[in-house]
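The values are calculated or read from the model by the stated rules, or taken from the named source; none is laboratory data. These figures come from a predicted structure and were not determined experimentally. Positions of Cβ are backbone-derived with ideal geometry, glycine not excepted, and every protein chain shown enters the neighbour counts. Just so you know, the surface numbers come from the protein's heavy atoms only, side chains and all, with ligands and any DNA or RNA stripped out. Shrake-Rupley method; radii C 1.70, N 1.55, O 1.52, S 1.80 Å.
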There are 2 protein chains.
Amino acid sequence: MTSLDLTADVVTLTEQLVNIESVSGNEKPIADAVEAELRRLDHLEVTRFGNNVVARTSHGHPERVVIAGHLDTVPLNDNLPARRDEENLHGLGSCDMKGGVAVALRLAASMATTNRDITFLFYECEEVEEHRNGLKLLGEAHPELLEADFAILMEPSNAVVEAGCQGTMRVDVTSRGERAHSARSWNGVNAIHGAGEILHRLNAYEPRRPVIDGLEYHEGLNAVFVTGGVAGNVLPDACTVSVNYRFAPDRSEAEAVERVRKVCDGFEIEVTDSASAAMPGLGVPAAAAFVAAVGGTANPKFGWTDVARFRDLGVPAVNFGPGDPLLAHKQDEHVPLEHLRRAEQQLRSWLDPRIASAP
Amino acid sequence: MTSLDLTADVVTLTEQLVNIESVSGNEKPIADAVEAELRRLDHLEVTRFGNNVVARTSHGHPERVVIAGHLDTVPLNDNLPARRDEENLHGLGSCDMKGGVAVALRLAASMATTNRDITFLFYECEEVEEHRNGLKLLGEAHPELLEADFAILMEPSNAVVEAGCQGTMRVDVTSRGERAHSARSWNGVNAIHGAGEILHRLNAYEPRRPVIDGLEYHEGLNAVFVTGGVAGNVLPDACTVSVNYRFAPDRSEAEAVERVRKVCDGFEIEVTDSASAAMPGLGVPAAAAFVAAVGGTANPKFGWTDVARFRDLGVPAVNFGPGDPLLAHKQDEHVPLEHLRRAEQQLRSWLDPRIASAP
């Protein structure tokens, strides 16, 4: 088994984690290594569930926080092993999100006492279909393991709090026509030409930018796929534009569907995928205290993340992790060493047993 | 070997031909049967080239006509064996174009003398990629076998002359954009949205209907495929609309490209396929005489056919065959018995040795 050294500095530990390949579905080696190291630590109670590892302190504090990171990565893209330069660590998963996992593991190993109880969670299959998501499956099977007052998801966010998340919905919008031989096109109705009106409306759409808890979100309504055609000599009778609607946290999924339906009035629509948004929740005392402790800045999260899943579990959550989210899933993803060190330092201060936790 | 009876009536012979399955690439059995029967006939000189069979009279007439039909069909679609009712013969290839082949074989077998020399041609792979087309390959290898003053292609045309053919060209028109995560769509440029302008112009396009040799053609400019998209969470950076331009015979391929380029100004275009149109050529004496002999009516041919290939060989040609072209390639294709009998009768009269051929 590849081993990890939780006493190494956070950069070295990130490098070790990156070098254990863990593309979604292949998390067993990394979960084994994480579990083995955490089991050496007397102050943690460790539970294994699939390739998910939960490690909990039980100091008897009135407040408990979850610190969570996923162990999997998107597929290899000729970007292993890890490579370090003066400023960055490069390699698959360095940004999304083994840097964040390393920070969490450093805290788990080095803070035998803290001012809050902590539930560390390292989980599988975040990058793939929802029904395989480790956080979802664990939440369904053992919700008691995830009970907490607040959660920090170590998703890359430039080591600044990114609060809430926008919802995401995919809708197939279909234009219908009537087939005919393209040599006698006046006998049919061209469904691809008909889809021009859908694209026209998407082009004209003005996305909302609502301000919520002081944060400006930014919606988007975009075609992500278009397909149509039968044969090179046939007028097509159907054309489908797949639309991705990113909606701000003040809008429910039902409201989001209604919005798409209104824009696409007159066309068939079918919702193929939907995930609700999460309110930033910065009014929750634990969240406000955390933002204050890590620099006082919070930005809106535009992408969808598992903070919405914590919200569904009744746990307010924010994104806070090293790395630029724009680099996630890119071949040249990397994480600044400064982010790793700063995130560890700020969390360490916030959890310092010499500092009382927020009421 | 399945045998044919060229002394049977034209309906029975069509039924026999339909029942020899000959999907493109599998023409050997039907070509063998056709060749065997034609070789029994003393007035014909038979040449075999691949699965193409040429049978020529040599009466020494000053005029020679080609009567041609392809032996292949589109793929099976649960439409064999042939089925006959009061008015129609049903089954794969009955319309496109074994009815026409049967008419030609009847003439070949029963007219030992004619008022013109005749080159009968039965060829393979008309329904598939051009580089397999039997007429094309034979014309390249043995052009002398196809020398003639005039050609009749037995393509379904309701047993009325359809003159010339429109050209056909396929052009990929591509809209470019810039990828971005769909959660931050303002960082990119959506190429599918950009393709809306292409569809808008296609919708607005007014097709020409030029009158040539008294025949009204009818152009068409249609999207036949559209593709675009990278992933469900990515703004796409390319979207391609495949356009099929059907152009009238007064327009060259170069003029057709120019027309598409003008309509799609500002977008990338790539011609992926092109076949020239054929002028109706009804001014050619042999053609005019043929039209007069078969009822005096000629219609424009909207679809592309191998008459354009004859034109390239320097042989004026028309389409004239039993069957409704709108039924070609349909599962329920069929040919009216009346078409079969009329086409045979009209060609027989035109070739009657007691009637002098046109000067």
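How many residues are surrounded by 24 or more Cβ atoms within 10 Å (Cβ to Cβ) and closer than 24 Å to A:GLY93 by Cα if we restrict to segment A:139-160? Residues in segment A:139-160 being surrounded by 24 or more Cβ atoms within 10 Å (Cβ to Cβ) and closer than 24 Å to A:GLY93 by Cα: 8 in total. Selection over segment B:233-248 of residues that are modelled with pLDDT under 95 and over 30 Å from A:THR272 (Cα atoms) gives a count of 0. For segment B:318-330, the criterion of being open to solvent by 50 Å² or more (accessible area, probe 1.4 Å) and among the charged types (D, E, K, R) is met by at least one residue.
Quick check on my filter: what residues within segment B:68-90 are crowded, with 24+ Cβ neighbours inside 10 Å and either over 18 Å from the mean Cα position of the chain (by Cα) or in a strand (DSSP E or B) (or both)?
Start the filter on segment B:68-90 by keeping residues that are crowded, with 24+ Cβ neighbours inside 10 Å, which leaves B:68-73, B:89.
Across segment B:68-90, the qualifying residues are B:ALA68, B:GLY69, B:HIS70, B:THR73, B:LEU89.
Before we move on, is A:GLY281 open to solvent by less than 50 Å² (accessible area, probe 1.4 Å), in contact with a strand residue (DSSP E or B) (Cβ under 9 Å, 6 or more places away or on another chain) and within 13 Å of another protein chain (Cβ to nearest Cβ)? When the stated conditions are applied, A:GLY281 does not pass them.
Evaluated against (1) over 30 Å from B:PRO285 (Cα atoms); (2) free of Cβ contacts under 8 Å to residues at least 40 places away in the same chain, B:MET169 falls short on exactly one condition, (2). Take the conditions of a type in the set (Gly, Ala, Ser), farther than 17 Å from A:GLY323 by Cβ and either in a strand (DSSP E or B) or open to solvent by 20 Å² or more (accessible area, probe 1.4 Å) (or both) and apply them to A:ALA108. Does it pass? Criteria not met by A:ALA108.
Among the residues of segment B:337-350 satisfying the criterion of being in contact (Cβ under 8 Å) with a residue 12 or more places away in the chain and surrounded by fewer than 20 Cβ atoms within 10 Å (Cβ to Cβ), which is farthest from the chain's Cα centre (by Cα)? Once the filter is applied, the top-ranked residue is B:SER349.
Beta carbons closer than 6 Å, at least 6 apart along the sequence or on distinct chains, never pair a first residue in segment B:286-314 that is farther than 25 Å from B:LYS136 by Cα and away from chain A (no Cβ under 14 Å) with a second that is among the charged types (D, E, K, R) and open to solvent by less than 50 Å² (accessible area, probe 1.4 Å).
When segment A:24-59 is filtered for residues that are under 20 Å from A:ASN79 (Cβ atoms), open to solvent by 30 Å² or more (accessible area, probe 1.4 Å) and not in a loop (DSSP other than H, G, I, E, B), only A:PRO29 remains.
If you take just the strands (runs of 3 or more DSSP E) that sit entirely in segment A:138-203, which of them hold at least 2 residues that are at the interface with another protein chain (Cβ under 9 Å from one of its Cβ atoms)? Walk me through how you get there before you give the answer.
Values: elements: A:150-153, A:161-163, A:167-176.
In segment A:138-203, A:167-176 are the strands (runs of 3 or more DSSP E) which contain 2 or more residues that are at the interface with another protein chain (Cβ under 9 Å from one of its Cβ atoms).
Residues in segment A:207-237 that are open to solvent by 20 Å² or more (accessible area, probe 1.4 Å), among the hydrophobic types (A, V, I, L, M, F, W, C) and facing chain B (nearest Cβ under 9 Å): A:PHE225, A:VAL230, A:ALA231, A:VAL234. Filter segment B:1-49 down to the residues that are of a type in the set (Asp, Glu) and farther than 24 Å from B:GLU130 by Cβ and list them by number. Once the filter is applied, which keeps residues that are of a type in the set (Asp, Glu) and farther than 24 Å from B:GLU130 by Cβ, segment B:1-49 yields B:ASP5, B:ASP9, B:GLU15, B:ASP32, B:GLU35, B:GLU37, B:ASP42, B:GLU45.
For segment A:238-257, a residue qualifies if it is of a type in the set (Gly, Ala, Ser) and buried (at least 23 other Cβ atoms within 10 Å of the Cβ), and the qualifying residues are A:ALA248, A:ALA256. Screening segment A:243-356 for helices (runs of 4 or more DSSP H) wholly inside it with 1 or more residues that are within 26 Å of A:TYR205 (Cβ to Cβ) returns the ranges A:253-263, A:307-312.
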